[in-house]
Amino acid sequence: MTNAENLIALLIAAPLLGAAVLLTGGRRLDAVGHWVGTILAAASFVFGAILFADLLGKNAEHRTLIQHLWTWIPVEGFQADVTFRLDQLSMTFVLLITGVGSLIHLYSIGYMEHDERRRRFFGYLNLFLAAMLLLVLADNYLLLYVGWEGVGLASYLLIGFWQHKPSAATAAKKAFLVNRVGDMGLSIAIMLMFTTFGTFAFGPVLGSHEKPGLVDGASEATLTGIALMLLLAACGKSAQVPLQSWLGDAMEGPTPVSALIHAATMVTAGVYLIVRSANIFNLAPDAQLVVTVVGAVTLLFGAIVGCAKDDIKKALAGSTMSQIGYMVLAAGLGPIGYVFAIMHLVTHGFFKAGLFLGAGSVMHGMNDEVDMRKYGGLRKYMPITFVTFGLGYLAIIGFPGLSGFFSKDKIIEAAFAKGGTEGWILGACALLGAAITAFYMTRVMLMTFFGEERWKNQPTRSPEAPSAEPAAAHHGEHAEPHPHESPKSMTIPMIVLAFGSVFAGGFFSIGDRFLHWLEPVTGHSEGDSPLSAATVTGATMVCLLIGVAIAWAQYGRRPVPVVAPRGSLLTRAARRDLLQDDFNHVVLVRGGEHLTRSLVYVDHTLVDGVVNGTAASVGGLSGRMRKLQNGFARSYAVSMFGGAAILVAATLLMRAV
Amino acid sequence: MSATVVHSLWTTAADPISKIDAPKIEYGQLSPTLIILGAAIVGVLVEAFVPRKSRYYAQLFVSVVALCAAFAAVVALAADGYATTKAGIAAMGAIAVDGPALFLQGTILLASMVGLFTFAERRLDPETHGNRVDSFAAQAASVPGSDSERAAVKAGFTTTEVFPLLLFAVAGMLIFPAANDLLTLFVALEVFSLPLYLLCALARRKRLMSQEAAVKYFLLGSFASAFTLFGIALLYGYAGSVSYGTIAQVVDGTISTVDPALADTMGNDALLLIGAAMIVMGLLFKVGAVPFHMWTPDVYQGAPTPVTGFMAAATKVAAFGALLRILYVVLPGLRWDWRPVMWAVAIVTMLGGAIVAITQTDIKRLLAYSSIAHAGFILAGVIATTPDGVSSVLFYLAAYSFVTIGAFAVVTLVRDAGGEATHLSKWAGLGRRSPLVAAVFAVFLLAFAGIPLTSGFAGKFAVFKAAAEGGAAPLVVVGVISSAIAAFFYIRVIVLMFFSEPRPEGPTVAVPSPLTMTAIGVGVAVTLVLGVAPQYFLDLANQAGVFVR
């Protein structure tokens, strides 16, 4: 394997080929389309595995592979190359994306079985894989931006996949619009980089963590500006406050999409961006502080929203937001937290994808009902789903020994290790988040799999169930559901992901494997924690127990009402996503309307007046000048003679002056 | 005459004639021009000796072969280094063979080839009495509306003389930008002007208008030629030479005496300034700059449309080439005198062309005013007086000529019962009827307007950049304003074609032969290629941008 870097392009090429074939192939491919998509996704995973083996065979300092394909924009003073960089950081992402991606392709074969546009669905999924791989493999910010927009497009197409539902179309549009705000941040960051450094390639700009590149010479103000713009981009893509409002609605997409794009991979691109740009953030402490604040606020925000939702997918979406908040918080801590941000990202990729697939499996068996108040006692009917979902649940709340325990605990430790008052505040937020996570996940678990069977004697698919998926229309609507286990193509991915949920964290942490693997890229420092590791772990356990206990008291001991009670003010606010849409509406939409209205007024009176006036006067002038053209050769000759006279006179005059 | 001289005429012994040096002619370097001239003469012989039925094909064959061969000769010369290292002056100082000359000759030849295709188109007019006919009069000499005209039409005559006329014009245009002395310049001017006057008079339809246009063009052209000739005389009086290089040296002061007989007038600055202004005026007439532009709309409208397209493209290339050489080779020492004057001319040309175009209702007149505005833009590049100025003008001319020929070729397609339907109101809704033709025309209009990804943008950007770097920033501002005004009427035509209801009795779009299709196709291709990837051609123009002195 001397030329392993030549394989990098194939990673992207395989799913890209799939997207091209499936989206242009037409109906002829309907019968085999899903297999084509799945096999190409798996092929990409195989290439990733080969490259991973190759990297492992090298010394830590030689684990960066560069593949230069061609020069994209060759202009003097501005060069954009199509170059890929495969190092430990992007390798981690490649394995996560292609691995989880292949499993979800497999799962979708069963899940989308009855959708007549299944071929197109797989085309979009492959397109997503290609774009996401381009995002993490790009060797400069401009190429990264291409991938960034590509995943945005795929996300838009997949959220609105059931475009006949107005809610899905609206959700897709909302995701697209909110993401635009973030994308603008990324493009401004790239422009700032170009004007400051004259290039936006990773190598020259960032350098390595031991020896920073051009960033070393730039002023802190510039770097803070770039970093904040990158953070804005990350907020858009990763649904962080204040650009978080799209993620809940994005659950309108098919559940495999929610699992792959809106839980495991795409939404973590913001974390990747921050960790990749570590050398910029390291030199801009003010920006880092903002990153940690955004992370801490979001982790609480998402968790609170997750507590109040009765829609299982939206509860999980709140949880995703909250977990990414943890990652962003860790990424904002600098070298103390980078490795743990990525580690939590990977373990979260396993357990959250597993949870979403479990939710999809539940919906599959329940006539696409999403309201947890109409579930209950399902553990008997769906044993595999119950076990895999349960393991994911234990992982996410941080049950000792499971994946989430290792990665989340490290982040909480790192938050305290930040030191000073900030450290205490951030650490406290992270601990509080852990308690709330335990609460809402226990709530989901209890409402879905335990308690009385609330779905009996009443038809599901009530009008207020917002996310009815037509894929399973064959089950017959308005009938009492008959919960059943899902087919193998769906349960196998869930089992595989459950294994990851259980063992990944331990595997990474024993002997600090993950730390040693990633440290050459991101750098690492221990920080000085005021608390010992054991204290933090103990405190986390206490929080966990409190959260579970409260949930048990509310939902385990007492029967769950089928119709949601009115609830406290906070509950009602949380049901409305903590009023994020109302805020956006009042501030942005109304404000925007006022702004456009006043602009239109100015445009009509002032601008149009000037424009029309100019046009009228030019037109009038034209009409008058036109009369000079009277058709008589003698007039033309006089004009020429006059012109020549002026020409001669002017030339002589110039000399005289 | 003294007796001794008379005597010497009758004897051969006194001075052997062999003492007169035979002129040294570099036939190879002059081959492009010589090929075209030779082919033109062959064309005349074809008219005399080939039966009428075969003439069209014979003429077409001769013309195509000649243009191809001449273009190949230009490419060979350029490849041989005559554009750069081996650039020099040939034919006893009469003709320069250098980068700009070869670049412009190549452009003229390619544009002429495309123009030739539109000349040869015979599918647009309905067949008359079983004969396919082109855009030209059946018999040029017959009076419009007379019996003899009817007889000629009935007999199915066509004026195949247009092909040799075209070739003569092309030959003159090839010499014009390469001329290295004032007399050659004048001869070339007449060589290409006279055939054009004739061609303008040869329209098959609307013959009176066509003849009127030709007469106007001839009268005003002769008037302008007279100025040029008088300017040449004055310059000779000033410098004692008609050679560009010598005049430039006298202007610089490197040479003080050339001809003792002219000691009285030599070095008289009034002669220099007036003479230079008059020569420049003659050239400004040919490029159609305000206030010498008034012939343009009338002639463009009256001439047969293929001739208009050819003339608008190739004449402009040749005349700007000659203007560049005069200003950069002969008069660089006079820069501070002519630049302000040219500034003024450029400004009134850009604004005048753009403003008057707004109220035009005839598509051919509209394009005529547009060509005036473009002459102003090109002048902005000429004024830069930097190497970038030269190369930007070369690039602009190449880009502009193909757009122009293509646009006029499209005009030939839109027809109603009276021939070409040139009134704008008839173009309403064309996009619904013939989306392809309308789309192609829209591409040309966008190129005229200078919208990015068309050659017009690359060209405009190049000349404005050169002008700004040459210290003519105000000129660029005026240029951008004029472009904005001009964009209005280009876009208006697009709106008219695509967003208006078609008229019930509107024109039809004729299906042309592959000849016109090729002409239009080449126009679109060049427009897009020069717009999307101009770099190679900009580099080419850059390499070609150095005049030999």
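Read-outs throughout are calculated quantities, based only on the coordinates presented, and are distinct from any laboratory measurement. Quick caveat: nothing in here was measured; it's all calculated off a predicted structure. Note that we place each Cβ from the backbone using ideal geometry, even for glycine, and neighbour counts take in every protein chain shown.
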Inset, instruction - Take every residue in peptide B:484-497, count the Cβ atoms of other chains within 10 Å of its Cβ, and give the average of those counts. - result: 1
Inset, instruction - Work the Kirkwood hydrodynamic radius out for the protein assembly as shown: mean of 1/r over every pair of different alpha-carbon atoms, inverted, in Å. - result: 35.6
Inset, instruction - Using Cα positions and a limit of under 17 Å, work out the lysines in reach of residue B:206, with same-chain residues fewer than 8 apart set aside. - result: B:216, B:364
Inset, instruction - Express the C-alpha Rg of the stretch A:521-642 as a ratio against the empirical globular expectation 2.2 N^0.38 Å, rounded to two decimals. - result: 2.75
Inset, instruction - Would you work out if the stretch B:278-407 is rounded, prolate or oblate? Take a ≥ b ≥ c from the square roots of the eigenvalues of the alpha-carbon gyration tensor; rounded if a/c is under 1.5, else prolate when a/b is larger than b/c, oblate otherwise. - result: prolate
Legend entry - Extreme residue, positive dipole direction of chain B, given options B:103, B:462, B:360 (C-beta unit charges): B:360
Legend entry - Pairs from B:154/B:286; A:352/A:410; A:58/A:408 whose Cα-Cα separation, in the structure shown, is over 26 Å: B:154/B:286; A:58/A:408
Legend entry - Exposure proxy order (Cβ contacts within 10 Å, fewest to most) of B:142, B:193, B:63: B:142, B:193, B:63
Inset, instruction - Tabulate in residue order the Karplus-calculated ³J(HN,Hα) for the stretch B:442-455, using 6.51 cos²θ - 1.76 cosθ + 1.60 with θ = phi - 60°, rounded to whole Hz; enter x for Gly and Pro. - result: 4, 4, 5, 5, 5, 5, 4, 6, x, 7, x, 6, 10, 5
Inset, instruction - Enumerate the calculated ³J(HN,Hα) couplings along the stretch A:234-242 in order (Karplus 6.51 cos²θ - 1.76 cosθ + 1.60, θ = phi - 60°), each rounded to whole Hz, writing x wherever the residue is Gly or Pro. - result: 4, 4, x, 6, 9, 6, 9, 4, x
Inset, instruction - Within the set of other residues whose C-beta is less than 13 Å from the C-beta of residue A:626, count the net charge using Lys and Arg as +1 and Asp and Glu as -1. - result: +1
Legend entry - Pairwise label distance in nanometres, residue A:49 with residue A:70, each label 7 Å out on the Cα-Cβ vector: 3.3
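Residue A:628 to residue A:515: extension gain in nm, 0.36 nm per residue of separation minus the Cα-Cα distance?
Length difference between fully extended and current span is 32.3 nm.
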Inset, instruction - Please give every one of the lysines within straight-line cross-link reach of residue A:165, meaning a C-alpha to C-alpha distance under 25 Å, and leave out same-chain neighbours fewer than 8 residues apart. - result: A:173, A:174, A:237, A:309, A:313, A:314, A:374
Inset, instruction - Take every Cα-Cα pair in the stretch B:394-461 and report what % of them are more than 18 Å apart. - result: 41
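Just how large is the dipole of the protein assembly as shown about the Cα centre, in debye to the nearest 20, putting +1 at every Lys and Arg Cβ and -1 at every Asp and Glu Cβ?
Here the protein assembly as shown has a charge dipole of around 2620 debye.
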Legend entry - Straight-distance crosslink candidates among lysines, where the alpha carbon sits under 28 Å from residue B:24 and sequence neighbours closer than 8 are dropped: B:86
Legend entry - the stretch B:364-439 and the stretch B:333-354: distance between their alpha carbon centers, rounded to Å: 23
Inset, instruction - In whole angstrom, note down how far apart the Cα centers of the stretch A:1-42 and the stretch A:406-437 are. - result: 42
Inset, instruction - Using amide H atoms built 1.01 Å from N in the peptide plane, name the residues 5+ places from residue B:546, or on other chains, whose amide H lies under 5 Å from its own. - result: B:99
Inset, instruction - Output the relative contact order of the stretch B:84-223, whole-number percent, from Cα pairs under 8 angstrom with separation of 6+ residues. - result: 23
Legend entry - Degrees separating the helix A:403-417 axis from the principal Cα axis of chain A, which is the longest one: 60
Inset, instruction - Quick one: net charge around residue A:520, please, counting Lys, Arg +1 and Asp, Glu -1 for every other residue with C-beta under 13 Å from its C-beta. - result: -1
Legend entry - Cα-centre dipole for the stretch A:243-335 with unit charges at Cβ (Lys and Arg positive, Asp and Glu negative), debye to 20: 140
Inset, instruction - Mind giving me the FRET efficiency for residue B:469 and residue B:425? R0 is 60 Å, r the Cβ-Cβ distance, nearest 0.05 is fine. - result: 0.85
Legend entry - Contour excess over end-to-end distance, with Cα ends at residue B:432 and residue B:361 and 0.36 nm allotted per residue: 23.5 nm
Inset, instruction - List the residues whose amide H sits under 5 Å from the amide H of residue B:90, counting only those 5 or more places along or on another chain, with H placed 1.01 Å from N in the peptide plane. - result: B:95, B:96, B:97
Legend entry - Neighbour-count order for B:539, B:98, A:81, fewest beta carbons within 10 angstrom listed first: B:539, A:81, B:98
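For the stretch B:224-321, take N as its residue count and report Rg(C-alpha) divided by 2.2 N^0.38 Å.
The stretch B:224-321 yields a ratio of 1.35.
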Legend entry - Which of B:212, B:501, A:369 has the fewest Cβ neighbours within 10 Å, and the rest in rising order: B:501, B:212, A:369
Inset, instruction - Find the centroid of the Cα atoms in the stretch A:599-633 and in the stretch B:62-114, then give the distance between the two in whole Å. - result: 46
Legend entry - Histogram of C-alpha separations across chain A, 10 Å bin width, %: 3, 15, 25, 24, 15, 7, 4, 3, 3, 2, 0
Inset, instruction - Rounded to whole Å and ordered largest first, report the semi-axes of the equivalent ellipsoid of the stretch A:291-391 derived from its Cα gyration tensor (root of 5λ). - result: 30, 15, 8
Inset, instruction - Let me have the relative contact order for chain A, percent, based on Cα pairs under 8 Å that are six or more residues apart. - result: 12
Inset, instruction - Could you point to the residue in A:212, A:236, A:189 farthest towards the positive end of the stretch A:169-269's charge dipole, with +1 and -1 charges on the Cβ of Lys/Arg and Asp/Glu respectively? - result: A:236
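Between residue A:549 and residue A:528, what FRET efficiency follows from the Cβ-Cβ distance if R0 is 45 Å, with the result rounded to 0.05?
0.85
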Legend entry - Two-decimal Rg to Rh for the stretch A:39-159 - Kirkwood Rh, Cα set: 1.04
Legend entry - Cα-centre dipole for chain A with unit charges at Cβ (Lys and Arg positive, Asp and Glu negative), debye to 20: 1500
Inset, instruction - May I ask for the net charge around residue B:341, where only other residues with Cβ less than 13 Å from the Cβ of residue B:341 are counted and Lys, Arg are +1 while Asp, Glu are -1? - result: +2
Inset, instruction - Mind putting together the pair-distance distribution for the stretch A:481-588? All Cα pairs, 5 Å bins, whole percent per bin, short to long. - result: 2, 7, 6, 9, 12, 13, 15, 16, 12, 6, 1, 0
